[in-house]
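One structure is given below, encoded as structure tokens.
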Amino acid sequence: MTIKNAAFWTALGWLTSVAAAPGSPSAAASLPVSTSNVAGLHVLAKQAGKLYFGTATDNPELTNTSYTAILNNSQMFGQITAANSMKWVSATGLHLDATEPQQGVFTFAAGDVIANLAKQNGQLLRGHNCVWHNQLPSWVTAGNFNAAQLTQIIQTRCSTLVGHYKGQVWDVVNEPFNDDGTFRQDVFFNTLGQNYIATALNAAKAADPNAKVYINDFNIEGTGAKATSMKNLIKSLKSQGVPIEGIGLQSHFIVGEVPTTLVQNMQEFAALGVEIAITELDVRMTLPETAALLAQQKKDYETVIAACQAVPQCVGITVWDFTDKFSWVPGTFAGQGAACPWDENFVRKPAFDGIVAGF
Ligand code: 9MR
């Protein structure tokens, strides 16, 4: 028989599932889904002795009622993080220009939506973030400020932000290192050296002594040059009496590539006298999704949860949004995605079962 292409068979009506758009119900129907029947991931986390299981969320998503039905379920999520709206400035213009679009002009409207949601739902809130090289307004990056001026700018921002959202855990400094373990050359480091980190932590803690102050970064989940630099920074800050209470392991992983040294690395951080949180977990793959990739992703989620379980100082886990519909991954890594435990249609994936198994 002559082999025809998909379009030919589709025309005959024989191959409609091949022609279906990726992520549509008919395409997804052939892929495995979750089989767990649990009340919620946050309930499991609490039973396992953790403080929370949480998710990032973002203001534009809150109009989707299928999404909010899951987000607002406090048995599922006991903690939320604003993915964008507490940052210095918005990347997209969708966040009422985030918190300090002009020097000294603070706008909390979009961030307050997320904070109020957490309050209504009885969920913990994670503040994200005070000082970061990314999503900076041009008045900061192009202001040619001297050291004294930029120090003041950092102090004003951190104290205003942390003072507005009192009583929270804060990613005070985000992503200070390059992957080789050297300090990232951003406007803060280039003007102030590593002192900007102490400045930010001190200002945050002074504004709210009840805030818990963290440094958050990626590619520090396993041992290596970048994790070592972070450990050295913690030692140095502690020796100077600078408040540093937690380290956020962002944990943006690739299927099959979760570091094997997760537990050892967390133990090494814990030994320095800081707590640890998994702050932005997702596990991306090269599309299209297959049953094999989803099975490996399930294992990967389980590995990460189990690692947090193995280390008492690991206090909780946050996924960087729970559904593939709103994941940041496809917009950043062309051809990759499907990184979350729920698919684009809000159906729980095998990854959900991996989380359950990890607890
Ligand atoms: O999820 C955020 C995405 O919507 C923004 O476009 C992006 C802009 O930089 O930031 C994403 O969140 C990042 C987080 O703030 C810090 N760690 C990496 C996250 C994914 O890029």
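Here, each number is a calculation from the coordinates, and none is a lab measurement. Everything quoted here is computed from the prediction, not taken from an experiment. FYI the Cβ positions are ideal-geometry reconstructions off the backbone, even for glycines, and counts take in every protein chain you see.
With the Cα gyration tensor of segment 205-249 in hand, give its eigenvalues times 5 under a square root as the equivalent ellipsoid semi-axes, listed largest first in whole angstrom.
Equivalent ellipsoid semi-axes, largest first: 22, 13, 5 Å.
Counting Lys and Arg as +1 and Asp and Glu as -1, each charge on the Cβ, what is the dipole of the chain about the Cα centre in debye, to the nearest 20?
Details: 21 positive and 27 negative charges, 88 e Å.
Its charge dipole is roughly 420 debye.
Please give the residues of segment 319-334, grouped as numeric ranges, whose backbone N is less than 16 Å from a label point set 7 Å along the Cα-to-Cβ vector of Thr63.
Answer for this model: 326.
Hey, if you put +1 on the Cβ of every Lys and Arg and -1 on every Asp and Glu Cβ in the chain, which of Pro176, Ala82, Val311 ends up farthest toward the positive end of that dipole?
Positive-most Cα among the choices belongs to Val311.
Among Ser229, Gln194, Asn265, whose Cα sits farthest toward the positive end of the charge dipole of the chain (+1 at Cβ of Lys/Arg, -1 at Cβ of Asp/Glu, about the Cα centre)?
The one lying farthest along the dipole's positive direction is Asn265.
What residue among Ala98, Ala110, Ala147 has the largest mean-square fluctuation in a Gaussian network model of the chain, using Cα springs under 10 Å?
Ala147
What is the P(r) of segment 146-258, as percent of Cα-Cα pairs per 10 Å bin from 0?
With 10 Å bins starting at 0, P(r) equals 14, 44, 33, 8, 1.
Taking Cα pairs under 8 Å and at least six residues apart, what relative contact order does segment 241-325 come out at, in percent? Don't skip to the answer; put the middle values down first.
On the way: 111 pairs, mean separation 32.2, N = 85.
Value for segment 241-325: 38 percent.
Taking 25 Å as R0, compute the FRET efficiency from the Cβ-Cβ separation of Ile254 and Val43 and round it to 0.05.
0.30
If you build the convex hull over the alpha carbons only and average its shadow over all orientations, what do you get for segment 51-142? Give it in nm² to one decimal.
Values: hull surface 24.4 nm².
The Cα convex hull of segment 51-142, projected and averaged over all directions, gives 6.1 nm².
Translational diffusion coefficient, Stokes-Einstein: compute it for segment 305-359 using the Kirkwood radius over C-alpha pairs as Rh, at 37 °C and 0.692 mPa s, and state it as an integer in µm² s⁻¹. Numbers along the way, then the final one.
On the way: Rh = 12.3 Å.
Estimated via Stokes-Einstein, D reaches 268 µm²/s.
Mean-square fluctuation check for the chain, GNM, Cα pairs under 10 Å: which of Gly241, Gly78, Gly163 is largest?
Gly241
Using per-residue counts of other Cβ atoms within 10 Å, averaged over each peptide, order 320-329, 191-200, 40-49, 276-285 from highest down.
On the way: 320-329: 22.2, 191-200: 19.7, 40-49: 18.0, 276-285: 25.6.
Ranking the peptides 320-329, 191-200, 40-49, 276-285 by packing returns 276-285, 320-329, 191-200, 40-49.
Quick one: putting +1 on the C-beta of Lys and Arg, -1 on the C-beta of Asp and Glu, what dipole do you get for segment 243-306 around its Cα centre, in Debye to the nearest 20? Let's see the in-between values first.
Working: 3 positive and 9 negative charges, 40 e Å.
The dipole of segment 243-306 has a size of about 200 debye.
Apply 1/(1 + (r/R0)^6) to the Cβ-Cβ distance of Asn195 and Thr35, taking R0 = 56 Å, and write down the FRET efficiency to the nearest 0.05.
0.60
How long, wide and thick is the chain, going by the Cα atoms along their three principal axes, in whole angstroms, largest first?
Dimensions of the chain along the principal axes of its Cα atoms: 78, 41, 41 Å.
Which whole number of Å³ per residue matches the convex hull of the alpha-carbon atoms in segment 250-359?
89
Specify which residue in the list Ala147, Asn216, Thr323 is farthest towards the positive end of the charge dipole of the chain, using unit charges on the beta carbon of Lys, Arg (+1) and Asp, Glu (-1), about the Cα centre.
Among Ala147, Asn216, Thr323, the one farthest towards the positive end of the dipole of the chain is Asn216.
Return a whole-number percent for the relative contact order of segment 183-312, with Cα pairs under 8 Å and 6 or more residues apart as the contact set.
23
Cross-link list Lys205/Lys231; Lys46/Lys212; Lys231/Lys325; Lys46/Lys235: which exceed 26 angstrom alpha carbon to alpha carbon?
Lys231/Lys325; Lys46/Lys235
Restricting to the chain, what percent of DSSP beta bridges are antiparallel, rounded to 5? Walk me through the intermediate numbers first.
Numbers: 5 of 42 bridges.
The answer is about 10 percent antiparallel.
How tilted is helix 147-164 with respect to the longest principal axis of the chain? Cα atoms for both, answer in degrees (0 to 90, nearest 10).
Roughly 60 degrees, rounded to the nearest 10.
log₁₀ I(q)/I(0) of segment 116-211 at q = 0.20 Å⁻¹, via Debye over equal Cα point scatterers, no solvent, to two decimals?
-0.97
Grab every C-alpha pair in segment 203-283, bin the distances at 5 angstrom width from 0 up to the longest one, and report whole percents.
3, 15, 25, 25, 15, 10, 5, 2, 0
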